[in-house]
Every structure is written in C-alpha cells, then in structure tokens.
Amino acid sequence: MDRDAVVAAVDEVARMLRADGAGLELREVNPKTARIHLVLVLESVSCEECVLPPPMLFETIEQSLQRRVPGEFELVLDDPRTTTPS
Amino acid sequence: MTLSADRVEIPADPRAQYELSLTEHWGDGVPLLPATDDAIDALLAASPYPADHVLCVLPPCNGVATVELIAINAAMAGVEPAAFGVAIAALEAVSEPEWNPFGLTTTTSSVFPMLIVNGPSRDDLGIDYRASCMGGAAGRGTMTIGRAVSLCLRNIGGQRAGETTKSVFGQPARLGFCIGEWEERSPWPSLAERRGFRADQDVVTVHGGKGTFPMADIHNDDPRDLLYLIAKSIAYPLANMYLGNPENGEVVVAINPMWAERFGRAFPSVDRLQEFLRDNAWQPIELWPEGNAAMLRSRGRVDAGGRVHLVERPDQIVPIVCGGLGSLHAIALPSFGESHMQSRAVLANPATQER
Amino acid sequence: MSADTVMVRRPTAKPAGEVSVPSFVLERPITGLTIGIRADRAWRSWQLISEIWSEYLRRDGAETIAVETGAQMGRPGSDDRKQIEELASITDCAIVGLGTCGSCTTFTIKDAVTVEDHEKPVVAIVCEEFIVHGRNVATHLGHGALKILVLPYPLEALPADELRAIADDYYPQVLALLGATA
C-alpha cells in the first residue's frame, strides 16, 4: 500500500471539505492490516449539515482511494456526526 | 555443485518440453519449467542441507527424497530459492508418521497436503493470505510451493491416480495448496504461535485436508449465531471424522478478517472460541439412516443426549484468519480424520540469510 | 547438447521393493494351532466374515484370537499397532483384513507385513478393487510375496446371507494360502 497514493487520495477529498471548514486527518495507513483510518475534524465548522452527509462522505473518500490505491483496503472513518465509526 | 540425478537431453522448445512431461509422466498435466543444473544449484544454495541429504522417504512407493531430487521438482514448479526452505519444511512435515503419509497418499478420499504458512516472509515469498488466497491471487509462493510438494509426492513418492493412489475424485489442491494466515488481522495468536513457535519464525503447517468447504451468510452479524452456524455446517453428516476415531484429525476453519474481528470481540480467547465450536459441532443421531446410526452407536459416538459430536476436543477445530475484506464467507478445510496436522519451522542456508 | 535442446535432471526416484523377503506357509494341519484374526471396526461385512471363519477354524481344531483395529495414527493407531505386534508374537499364523478402501488396504497390508516380519504365515484379505494397490504396497514394503486373498467388491452393503455365502466359499482358499494341509 503506497502511503503517498493514500495521502493524495485523502487530500483530494480534504480540499473539498475545507470549503465548509472541515478537515480530514489521516490517523493510520497500515499495509499489513490493509487498514486506512481517517478522522473527520469539524471543530471549525459552523454548519455540520453543510458538510457531505456521512454515507456520502465515506463513499467519496472510498472512491478516491480506489482510484489511486490498488488492491483491497478497509476504510475506517471516525465521523463525529455518527455514533460508531464507518 | 555435483548433482547425481540422471541427465536427460530434452527439446528446448517449451511446448515440446510440455509434451515430454506428459509422456514421461513427470508432471501433473500443467506446463513445467526445465530443471536445469543452474536452476537446481540456485535452490540447493538456499538449502541448509547438502544435495545428497536424505530428507525423508515418501510413500506410497517409498521413494528416497534427497534434497537434490526435491530441488529438481521444485525447479520444475518454479519455486524461487528464497522459498525452497518452505517446500523442504513441508515435506518434512508430510513424512511425519503422525501425519499418516501412507494412509493419506493411498486413500480413496480426496485428501491432500494443504500448507498454511505463518511468519514474516509471507509477503516476500508471494504467499497469498488476502483476497482470493485459495485460488486466483496468483502469488508466486502460493502457486509454486504447494505444486513442488505435489510433484515430489508424484515423482519421488510415486503417487499416481488410479495406480498407487485410489483417490476417487482427487481435488484441485492436488496441483498444490499453499496459503498464509493473515496474522495482522487475527484477534488471536497465529496458528504457528498456538502450535509453539515464535512470531518471528517462518513456519509451515501441513493439514491433511479433503478440499475447501464454503460457507456463506448475508443475514446475521451476531458472532455467536455465525459461529453456531459454522459449527453446524462443518458437522455435515458425511464428514470423514464420523468414520474413524473422534480424537484424531483436525478441521481448519478459515475466517475472513471482518468476521474475525467480530468473533474476536465475542471470544477474545481462541480457546473459548474453539470450545464453542466444538460444543456446537454435532448432529442428532436421528439424522442418519439406521445402518449408519448403528455403526455410530457401536463405536460409542453417540452421547447420552443422542448427539454425535464431530470431534472429541476443542483443539481439533482450528481457526485461521485469511481471505479478503468482502466479509460474508468462511471456508472449512475438512479433515481426512486419521491424520494430525504437523508444523515445521522453515530453515534457510545461514550463508544466504540476510535477516 | 545442441542449440535446440537443453539438459535437465530426471525428477523421479526409484520405488522401493526391488528386494523382497520370503513369505511363510504352515505345511501342516491347523489342529492345535493358535490363529490370529484381525478385524476392522469400520467394516461390518468383514466383522461377519471373520467371525464365521473363526468359528470354522475352531471347528477344525485351531484356537483363534481376534483383535479389532481401526485407527491409523495417534494414540488409537499406536494402540492398534501394538495389538498387531502382540498378535504376531503369540499366534502361529494370522488372517488380516480388510482392504476395501485405499488407506484401509494400506494398513491391512502393513499389519500383515508385521506378522510376516515375525516369520509367521499370514494372509491379507483385500477386495478386488484394491488388489493392485495392495500388491503395490506389499512390494514397496519389501514383501512382494505376501499372500493376499481377493474377495469380491463391493462387500460392505451386501446382506448377511450373501456375506455368509462368501465366507463359506472363500474359507478353503484362506486355508490353502496359509499352507494348511489336511
């Protein structure tokens, strides 16, 4: 799993979220477990509902990763708007 | 290096080589690579044993397996030098009396050595343990090491379908079966660690498996429910383990990483998981027609509650974690019964070891 | 070697069994002898046939010792092999069955070989479908001359009266292979 490819994919979505004041933090890229762990940061957001809804956000990040990262991976997204991580 | 096996001049054309492998009965029907001295020497250089070292005697024809002969067959299979030690260790395991090589190489059953590899070299050796690890992932180690073992049983042991082996169906694993465990996604100690090895050792465990038995569920996320269903599935009424001694043999249950995570939360201890599986891997005696039921009763297989347990002990159900992230599936590797899985640490030539 | 050829090494090993030990025969009547019979927990058909033969052997003046095996390894397998060793040492000859599957034929032959290693007459009982396999196993164990009696196949699901008929038909043959005289 190419960390640079993961970072590029995450940055692509993060740029989009910055417009709403949100951020995406890359917590872990683990090629041994094939796990990519991200945290959605909403501290500077005035309108949480304006940020992409959780399922859409997850799908958008996943698709961005799938375009750049070959093979299977497990995406874990800590979204404070949901009670459990996706 | 001085090799002692007969030299044979063969056509350089790969297609002609393939035809020759069929007429000479050197192969399994799939194209082979030529076992040139260079290829053999490269493998021998990676072995901790000299070429004339007798590793074992392989049934059914009790052919003497020198390391040279094993290297010749490994060269034909395309094993790379770094992986040769895995093939050697696997053959040591196969030849252990408790694996029951004589029984397993001659039976009417479809049983064949199924290799499970643990340790830090899995990725470097191309041993598949993620998506499609049991067929389709195409890792070089997975596709060549198991095949080398199979060719050795054929060419050194003399295992020939319909002649020296009575296997009614054979199975796809007879072309070679070699997978790894996805240790990093397992909530429990690895198979090798549970069998007494260190996490930093490369270990191959050889299981006498009858094939791959698929199980699927798309409706239930509850770990206990899923494990209950797995237990009932592996205790299918025509399982070999009802035919012999209940204390012999193991069933491997390959669990996908997503289910493993769920099962690990419910059963942090693998011992408790195995107990749960064992306690639920039974069928009621009424399931069998009377002729079969009578035999089960005569062998003391029916408990006071009318249950016929698949195995006697929890450790006979062996969970491993592997497979892709798509969830939904588990696979059992059912047992021949009269065989105990054997594990060996992989040794390399110290002169060539880099770590 | 030409440009159109390449040198490779032969990947095969010679099968064992070029040298074969002799087998043994009674060359006397069975009266007063102790004859071992090895049955197998897996096969009802052989349990019945061996019980009938045991009865006939006792009728004809021999004593019989019956043992039952069924395991190939582990503690049960080790116990079974010890039973066979003991049987081989305390009996004058033995009848060992039944080879009616791949691995059980292998172990029938192996156990018969144990008796023959004690220089005692022995007959291995193998069903027709597995005779080639049985002969191969005997040869590769260095006992190519082992006496094998071939029974019909399949046997297991035959009704009791047909099994009794087979027991009657083949009893004289097992005595002949043991080398029993009148």
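Observations on the structure shown:
- Candidate set: the range C:1-37, residues that are part of a strand (DSSP E or B) and in contact with a helix residue (DSSP H, G or I) (Cβ under 6 Å, 6 or more places away or on another chain); chosen: the one farthest from the other protein chains (Cβ to nearest Cβ): C:Ile35
- Odd one out for C:Ile166 among (1) more than 17 Å from C:Arg81 (Cβ to Cβ); (2) within 13 Å of chain B (Cβ to nearest Cβ): (2)
- When the range B:274-319 is limited to residues that are within 12 Å of another protein chain (Cβ to nearest Cβ) and aliphatic (A, V, I, L, M), the one that is surrounded by the fewest Cβ atoms within 10 Å (Cβ to Cβ) turns out to be B:Ala294.
- Of the listed requirements (1) at pLDDT below 95; (2) surrounded by fewer than 18 Cβ atoms within 10 Å (Cβ to Cβ), C:Gln72 misses just one: (2).
- Subset tally (residues that are under 16 Å from C:Arg9 (Cα atoms), assigned to a loop (DSSP other than H, G, I, E, B) and at the interface with another protein chain (Cβ under 9 Å from one of its Cβ atoms)) for the range B:33-65: 3
- Of all residues in the range A:6-65, those being out of contact with any strand residue (DSSP E or B) (no Cβ under 9 Å at 6 or more places or on another chain) and within 14 Å of chain B (Cβ to nearest Cβ) number 2.
- Residue within the range B:253-270 that is away from every other protein chain (no Cβ under 14 Å) and of a type in the set (Lys, Arg) present: no
- Where a residue in the range B:211-224 is of a type in the set (A, V, I, L, M) and its partner, wherever it lies, is buried (at least 16 other Cβ atoms within 10 Å of the Cβ) and part of a strand (DSSP E or B), with Cβ under 9 Å and at least six apart: B:Met215/B:Val253; B:Met215/B:His329; B:Met215/B:Ala330; B:Met215/B:Ile331; B:Met215/B:Ala332; B:Ala216/B:His329; B:Ala216/B:Ala330
- Yes/no for B:Trp26 being buried (at least 17 other Cβ atoms within 10 Å of the Cβ), among the aromatic types (Phe, Trp, Tyr), out of contact with any His (no Cβ under 9 Å at 6 or more places or on another chain) and at the interface with chain C (Cβ under 9 Å from one of its Cβ atoms): yes
- Out of B:Arg262, B:Arg194, B:Arg185, one residue alone is surrounded by 23 or more Cβ atoms within 10 Å (Cβ to Cβ), of a type in the set (Lys, Arg), closer than 30 Å to A:Phe73 by Cβ and at pLDDT 95 or above. It is B:Arg185.
- Criterion: of a type in the set (Asp, Glu), on the phi < 0 side of the Ramachandran plot and without any contact (Cβ under 8 Å) to a residue 60 or more places away in the chain - qualifying residue of B:Asp28, B:Asp6: B:Asp6
- Total residues in the range B:105-123 satisfying the condition of being of a type outside the set (Gly, Ala, Ser) and out of contact with any helix residue (DSSP H, G or I) (no Cβ under 7 Å at 6 or more places or on another chain): the figure is 3.
- The set of residues from the range B:135-169 being more than 11 Å from chain C (Cβ to nearest Cβ), among the aliphatic types (A, V, I, L, M) and in contact with an Asp or Glu (Cβ under 8 Å, 6 or more places away or on another chain) comprises B:Ala137, B:Ala138.
- Selection within the range C:102-139 - more than 12 Å from the chain's Cα centre (by Cα) and either away from chain B (no Cβ under 11 Å) or surrounded by fewer than 24 Cβ atoms within 10 Å (Cβ to Cβ) (or both): C:Asp117, C:His118, C:Glu119, C:Lys120, C:Glu128, C:Glu129, C:Val132, C:Thr139
- Failed item, numbered, when B:Ala173 is tested on (1) buried (at least 23 other Cβ atoms within 10 Å of the Cβ); (2) within 20 Å of the chain's Cα centre (by Cα); (3) over 24 Å from B:Gly139 (Cα atoms); (4) of a type in the set (A, V, I, L, M): (3)
- Top-ranked residue in the range B:114-129 [being touching a residue at least 24 places away in the same chain (Cβ under 8 Å) and of a type in the set (D, E, K, R); ranked as surrounded by the fewest Cβ atoms within 10 Å (Cβ to Cβ)]: B:Asp124
- Residue list for the range A:35-56, filter: within 15 Å of the chain's Cα centre (by Cα) and either closer than 17 Å to A:Ala9 by Cα or not in a loop (DSSP other than H, G, I, E, B) (or both): A:Arg35, A:Ile36, A:His37, A:Leu38, A:Val39, A:Leu40, A:Val41, A:Leu52, A:Pro54, A:Pro55, A:Met56
- Listing of helices (runs of 4 or more DSSP H) fully contained in the range B:207-319 that carry 1 or more residues being of a type in the set (Gly, Ala, Ser) and out of contact with any Asp or Glu (no Cβ under 7 Å at 6 or more places or on another chain): B:223-234, B:257-266, B:290-298
- Number of positions in the range C:30-66 that are over 17 Å from C:Glu162 (Cα atoms), touching a residue at least 24 places away in the same chain (Cβ under 8 Å) and basic (Lys, Arg): 2
- Here the range B:37-49 is the region considered, the condition is being touching a strand residue (DSSP E or B) at 6+ places or on another chain (Cβ under 9 Å) and closer than 14 Å to B:Thr66 by Cβ, and the residue that is surrounded by the most Cβ atoms within 10 Å (Cβ to Cβ) is B:Ile40.
The values are calculated or read from the model by the stated rules, or taken from the named source; none is laboratory data. Source: prediction; values computed, not measured. A quick note on method: Cβ atoms are made from the backbone with ideal geometry, for glycine too, and the neighbour counts reach across all protein chains shown.
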